[in-house]
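Report on one structure; see the data block that follows.
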Amino acid sequence: MDHLYSLTLGEKLPEWHLESIFGDAVPSPKDYIGQPLVVLFFSLNCPGCKGRAIPFANRLVYELGEKINVLGVHSIFDGNEIPMCKLEEAREKFFVRFPYFKDQNLNTTFLDFKAGGTPHWILVDANGLVAYSMFGSDPNNALMRLDYKLDEILSGNVLIIDEPTSQSELTEPEGCDLRLVSRENENLGDKTQRFKNINSMLNWNNIIQFANHGNPIPSKRVDKSEAEWKATLSPEQFQITRLKGTERAHSSEMCSLFEPGKYACTCCDTLLFDAEEKFESGTGWPSFTQPVEENAVAYHKDASFGMVRVEITCNTCDAHLGHVFPDGPAPSGLRYCVNAVSLKKVG
Ligand SMILES: [Zn+2]
């Protein structure tokens, strides 16, 4: 199904056909050789574009603007043309940080590039070859995949080459475009450098880096056998923390508990979250914007159930806690979605 709505990966990006909105010169794909380029097909008729895709592209410019380029292509495939003045106003209205152009005849480039709808993302590597093509604005799927792919491209040593690499080397396995980074291949020097740059508050970029390249070192470790855990935990606690289960939404009173205090791992008593960072997410699971310490929680890519998510575990004893998502409140933008069973209120 995917290939119907995708350019062939590893091939050179075709020439686009764009018209200027603000009177600036229309660039060519060749102008971007040397740095990765994210092309976003968007439409002002599309709520997903306005609510999620444009903010996400803005964030890419804000966080990676020196390493990548972002180009917007306004395309219409539903027939409802947008007047030029609205296209101009959009720059202020949505704080658009990236240059954007109008697709010729509403959707010529959209069709040439086999976009699956709006928003559609095309990631082009520094050689001008298509690395990724994806429809959607779901933060836990399309956008996270784009983040992973960008991270992969930016962390690899991409050389400028003249000829496209052969197709067979670049074709992704169907249904999965993530390659878990083997811990053995890690360069400790790089890791120190990376972690040094992290501020006291974790953001989504930090989470992606942990999930891709390995977690911070915990202050201590608690390792027990399955039998030992079974002896100390209730069956429900064992199922959720040791076997990665999920409790039913709204099954705990902890979700609406906001009095001051701290939350510890139900298995090993390590402090994980503070009530100060707790918020009402409406999901039915206790939700936090930050852990108490940068090294309290560990992050792992989780491709189960046909989704790509980041699983969170206790970094001390590996208890499954839940998942973390990039749709939390400001300033961190993170939502740690935790099973109440994995936590105990302390203090
Ligand atoms: Zn623990």
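The values are calculated or read from the model by the stated rules, or taken from the named source; none is laboratory data. Just so you know, these numbers come straight off a predicted model, no measurement behind them. Virtual Cβ from ideal backbone geometry, glycine too; neighbours counted across all protein chains shown.
Some observations on this one:
- Asp31 satisfies every condition listed in (1) outside any loop (DSSP other than H, G, I, E, B); (2) at pLDDT 90 or above; (3) surrounded by 19 or more Cβ atoms within 10 Å (Cβ to Cβ) except (3).
- Test: Asn69 is surrounded by 15 or more Cβ atoms within 10 Å (Cβ to Cβ), touching a residue at least 24 places away in the same chain (Cβ under 8 Å) and assigned by TED's automatic domain parsing to the domain that holds His17: yes
- Residue, farthest from the ligand (Cβ to nearest atom), within the range 278-289, restricted to residues that are surrounded by 18 or more Cβ atoms within 10 Å (Cβ to Cβ) and in contact (Cβ under 8 Å) with a residue 24 or more places away in the chain: Ser281
- If you go through the range 110-129 and pick out every residue that is touching a helix residue (DSSP H, G or I) at 6+ places or on another chain (Cβ under 9 Å) and either of a type in the set (Gly, Ala, Ser) or over 18 Å from Leu44 (Cβ atoms) (or both), you end up with 10.
- Residue check for Val310: farther than 23 Å from Leu257 by Cβ and in contact with a helix residue (DSSP H, G or I) (Cβ under 6 Å, 6 or more places away or on another chain): yes
- Consider the range 72-94 and keep the residues that are under 26 Å from Asp147 (Cβ atoms) and of a type in the set (D, E, K, R). The one that is surrounded by the most Cβ atoms within 10 Å (Cβ to Cβ) is Arg91.
- If you go through the range 104-145 and pick out every residue that is among the hydroxyl-bearing types (Ser, Thr, Tyr) and closer than 21 Å to Lys12 by Cβ, you end up with 4.
- Residue that is farthest from the chain's Cα centre (by Cα) [pool: residues in the range 103-135 that are closer than 16 Å to Ser28 by Cβ and not hydrophobic (A, V, I, L, M, F, W, C)]: Gln104
- Highlighted here are the strands (runs of 3 or more DSSP E) found entirely within the range 255-347 that include at least 2 residues which are touching an Asp or Glu at 6+ places or on another chain (Cβ under 9 Å) and more than 25 Å from Thr232 (Cα to Cα): 297-302, 309-314, 335-338.
- Tabulated pairs, the range 95-113, first crowded, with 17+ Cβ neighbours inside 10 Å, second among the acidic types (Asp, Glu) and part of a strand (DSSP E or B), C-beta under 8 angstrom, 6+ apart or interchain: Phe101/Glu19; Lys102/Glu19; Asp103/Glu19; Gln104/Glu19; Thr109/Asp103; Phe110/Asp103
- Some residue of the range 305-323 being of a type in the set (Ser, Thr, Tyr) and near the ligand (Cβ under 10 Å from one of its atoms): yes
- Top-ranked residue in the range 281-307 [being touching a helix residue (DSSP H, G or I) at 6+ places or on another chain (Cβ under 7 Å) and of a type outside the set (Lys, Arg); ranked as nearest to Leu202 (Cα to Cα)]: Gln290
Let's see how each residue does on (1) surrounded by 18 or more Cβ atoms within 10 Å (Cβ to Cβ); (2) assigned by TED's automatic domain parsing to the domain that holds Lys230; (3) modelled with pLDDT under 95:
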| site | (1), (2), (3) |
| --- | --- |
| Ala264 | yes, yes, no |
| Phe273 | yes, yes, no |
| Pro291 | yes, yes, no |
| Gly306 | no, yes, yes |
| Arg309 | yes, yes, yes |
| Cys314 | yes, yes, no |
| His320 | yes, yes, no |
| Val324 | yes, yes, yes |
| Asn339 | yes, yes, yes |
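- Hits in the range 211-247 - residues which are polar (S, T, N, Q) and assigned to a helix (DSSP H, G or I): Asn212, Thr232, Gln237, Gln239, Thr241
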